[in-house]
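Participant: One structure coming up, written as structure tokens, with questions to follow.
The values are calculated or read from the model by the stated rules, or taken from the named source; none is laboratory data. All values reported here derive from a predicted model rather than from experimental measurement. Here the Cβ positions follow ideal geometry from the backbone for every residue, glycine too, while neighbour counts run over all protein chains shown.
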């Protein structure tokens with residue numbers, strides 16, 4: 001397997017969220033790249049770049065495709081949540097040697113299927129029209145959702161690195177099934193990339209059912225369980 005790794009973060013985050021991954025992979029001989037998606041500036045209280053509001057998942061994917069194509073070999077792509085959607089689309093373009101997907105979004109969007117997902121989607125819709133705005137992260141939401149497994153001190157420390165997110169990209173993430181389902185669901189994977197899926201057993205909004213539906217689009221690796229890994 002190649003030694004270049006491209007790590008793609010999720011919504012409201014930055015390349016910093018892989019800071020514990022990079023030293024481990026580097027010690028094993030991998031060359032790691034953990035870029036920030038465009039206009040993702042750390043600091044939840046900072047005013048976002050106004051151009052962030054209109055960034056789409058396709059824009060993020062084009063940026064990451066250019067980066068992946070600049071490497072001397074196709075990278076192993078690690079994608080978390082929104083980054084997992086981007087990783088799947090890069091694989092469809094033949095730009096991934098292998099995929100490691102961490103609680104990824106489905107490539108056709110996330111139609112709420114659990115109470116927690118419904119609460120997140122409802123909260124977005126109640127926040128007034130958000131699809132043409134750059135949204136700042138909410139600590140109250142994060143501490144109950146993505147940071148729920150951390151102690152209060154760690155929650156605040158990690159949240160202080162969050163960034164604003166594109167309302168357009170969030171709309172596509174949650175409601176993409178309403179606008180491009182047929183195209184994305186039939187998206188062919190021309191890449192021979194092997195794919196591993198990881199999901200924390202306590203995650204609140206990445207149910208097994210979505211992983212199963214998404215996995216059906218991607219070839220399973222010959223080894224269903226890498227050494228030391230637990231796959232849902």
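Participant: Picking from 111, 124, which residue would you name as being part of a helix (DSSP H, G or I), at pLDDT below 95 and more than 13 Å from the chain's Cα centre (by Cα)?
Facilitator: Only one candidate qualifies: 124.
Participant: Please determine, by comparing only the residues of region 18-52 that are in a helix (DSSP H, G or I) and within 23 Å of residue 90 (Cβ to Cβ), which one is nearest to the chain's Cα centre (by Cα).
Facilitator: 18
Participant: Those residues that are surrounded by 23 or more Cβ atoms within 10 Å (Cβ to Cβ) and part of a loop (DSSP other than H, G, I, E, B), I need them from region 53-94; list them, please.
Facilitator: Listed by number, the residues that qualify are 75, 81.
Participant: Search region 156-167 for residues being crowded, with 21+ Cβ neighbours inside 10 Å and touching a helix residue (DSSP H, G or I) at 6+ places or on another chain (Cβ under 8 Å), and hand back the single one that is modelled with the lowest pLDDT.
Facilitator: Only one residue fits best here, namely 167.
Participant: Kindly provide the set of residues from region 142-155 that are buried (at least 16 other Cβ atoms within 10 Å of the Cβ) and assigned to a helix (DSSP H, G or I), ordered by number.
Facilitator: 142, 143, 155
Participant: Mind listing just one residue for me: the one in region 175-184 that is under 23 Å from residue 122 (Cβ atoms) and surrounded by fewer than 21 Cβ atoms within 10 Å (Cβ to Cβ) and, of those, modelled with the highest pLDDT?
Facilitator: Looking at the filtered set, the residue picked out is 175.
Participant: Just for region 1-37: of the residues that are out of contact with any strand residue (DSSP E or B) (no Cβ under 9 Å at 6 or more places or on another chain) and either touching a residue at least 40 places away in the same chain (Cβ under 8 Å) or under 22 Å from residue 56 (Cα atoms) (or both), which one is surrounded by the fewest Cβ atoms within 10 Å (Cβ to Cβ)?
Facilitator: Among them, the one singled out is 36.
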